[in-house]
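The values are calculated or read from the model by the stated rules, or taken from the named source; none is laboratory data. Please read these numbers as outputs of a predicted model, since none were measured by experiment. Note that each Cβ is placed from the backbone with ideal geometry, even for glycine, and that neighbours are counted across all protein chains shown.
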Amino acid sequence: MVSRNISHGDLVKASMWYTVSSFLAKGIGYLTVPIFARLLTKAQMGDYSNLLVWNEILTVITGISIESSINRARLDFPGKLDEYCSTILVFTTMIAGVAYGIAFIFMDTFESMLSMGPFYVHLIFAHFLISHAYSILLARQRVQYRYKISVALSLGYSIVSTSSAIVLIFLMQDKLMARTLGHFAPQMMICIPAYIYLVSKGRKFDWSYCKYAFLFCWPFVPHLLSMRILHASDRVMITKMVGSEANATYTIANNCVSLATLFMTSLNAAISPWVFDKLYEKDYQALKKITFPYVMIVVLLIQMVQLLAPEVLLIIGGKKYLDAMDCFLPLFSGVVVHFCYTMYVNVEQFSRKTWAIAVGTVIAAIVNVVLNLILIPQYGYIAAAYTTLIGYIVLFLIHYAFVRLIGYRNIYNDKSVFGLMAYALCMQPLIHVLYGYRYLRYAIVLAVLGGAAFMAYKNREQLRVLLKKKKKPAVPVPEEEDVE
């Protein structure tokens, strides 16, 4: 095992490629929905959607988001990253094996819960036995600032999965089974060699690593389950209180937001290893220095999308969904708040105070559900967009307060964070007014893009130096000679 220095150029390239590949890989799933909607019946689409929901829920339970511990474990167990990854992978298989045993014993219950036959129950649980190898390998590559395998796996899986599903739908009579196999089979084919690779590299199982990972990750289970409730409760309650058509309109806006959230999540995942390094070095000045430009870029990107809401909705849903613009602004403002609170979540993860993440999410989910019960009957589906925004604001304030409570009071430039969030929220009414002035909106978007290009050109020498400048990290990044 050797160490290597990480240049700023390596960091920029790794972060950029990981963010872009993650966004494109998962974005393919959203962009291909219209294709499958025409190849499958509504009932088949509904059954497949139901299966994916349960897959997400059970993935949280069987995997306990264990890959999220790798970023911190590389600091606590220097030089033992391979052993750690091998151990936690086998640990997830043990958890999934127990879950599979329970499902096998209570097969009738699980068939009823998933609203599907035993084939799908066996498929989904067999998938859990090895599926976490994929996420662990990607996390391992990311914390080593390596992006080539991450890009290849992410994009390769999405392309193969989508194309396989389309081909199978044409070849098989059972279209639902074809769509399901198209999703799970390619991932299992990737996970098997990934599993063998990780175990062969580590060649060790250590219960102390299991204990470490479990204590670090168990709070993510209620957190992620609460996030599922926070995201799904709106649509469930709109359908019951207002109707399915209102839910369809809200869902179109929400799908647009999902792409933005996906981009922000990928961006945070890409930069979080660098944040951990700076926290480990106690180089808080570096974190303060990037706060304003980092958040400002996100705010401007979101505002450009908000300005183009009519065009985005026309492309995604057509004229009949233009009413979703009323949801567009608060939902996208929620993305800004969501992005800001993840900055403080990174500090909680570094400090191993991950239980605070669960507490915050549970509280936010409760607030969201209660406000939905009160406001949706009075104001319709639009209220759900604002309750979601309020839920994210509550979540931000909880994480901000807790990070200060545990002693991290001067990590980021907090004034910039609050100021930019307030700016993003206060601009909503103005952007809404601008929807009546198409060419003015286009001019503003072009002006922002032109300004960004001008600043990049003006500071091209500094950027060139930044990309070439070498800097040794606080913790050596392990390098595998046979992995790129």
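List of remarks:
- Residue check, residue 403 assigned by TED's automatic domain parsing to the domain that holds residue 250, surrounded by 16 or more Cβ atoms within 10 Å (Cβ to Cβ), closer than 23 Å to residue 287 by Cα and without any contact (Cβ under 8 Å) to a residue 60 or more places away in the chain: yes
- Residue 246 being at pLDDT below 75 and touching a Gly at 6+ places or on another chain (Cβ under 7 Å): yes
- Against the test of being out of contact with any strand residue (DSSP E or B) (no Cβ under 9 Å at 6 or more places or on another chain) and at pLDDT below 90, the options 294, 386 yield a single qualifying residue, 294.
- Inter-residue pairs, beta-carbon under 6 Å, first over 17 Å from residue 75 (Cβ atoms) and in region 203-214, second surrounded by 11 or more Cβ atoms within 10 Å (Cβ to Cβ) and not polar (S, T, N, Q), 6+ apart: 204/83; 205/90; 210/91
- When residue 379 is tested against (1) within 26 Å of residue 267 (Cβ to Cβ); (2) surrounded by fewer than 23 Cβ atoms within 10 Å (Cβ to Cβ), just one condition goes unmet, and that condition is (1).
- Qualifying residue in region 291-311 (condition: in contact with a helix residue (DSSP H, G or I) (Cβ under 8 Å, 6 or more places away or on another chain), surrounded by fewer than 22 Cβ atoms within 10 Å (Cβ to Cβ) and more than 24 Å from residue 431 (Cα to Cα)): yes
- Residue check: residue 419 meets all listed conditions (1) closer than 18 Å to residue 360 by Cβ; (2) modelled with pLDDT of 90 or more; (3) surrounded by fewer than 17 Cβ atoms within 10 Å (Cβ to Cβ) but one, namely (1).
- Helices (runs of 4 or more DSSP H) within region 244-318 that include 2 or more residues charged (D, E, K, R) and within 24 Å of residue 421 (Cβ to Cβ): 284-307
- Any hit, region 51-74, residues being touching a strand residue (DSSP E or B) at 6+ places or on another chain (Cβ under 9 Å) and either modelled with pLDDT of 80 or more or of a type in the set (Lys, Arg) (or both): yes
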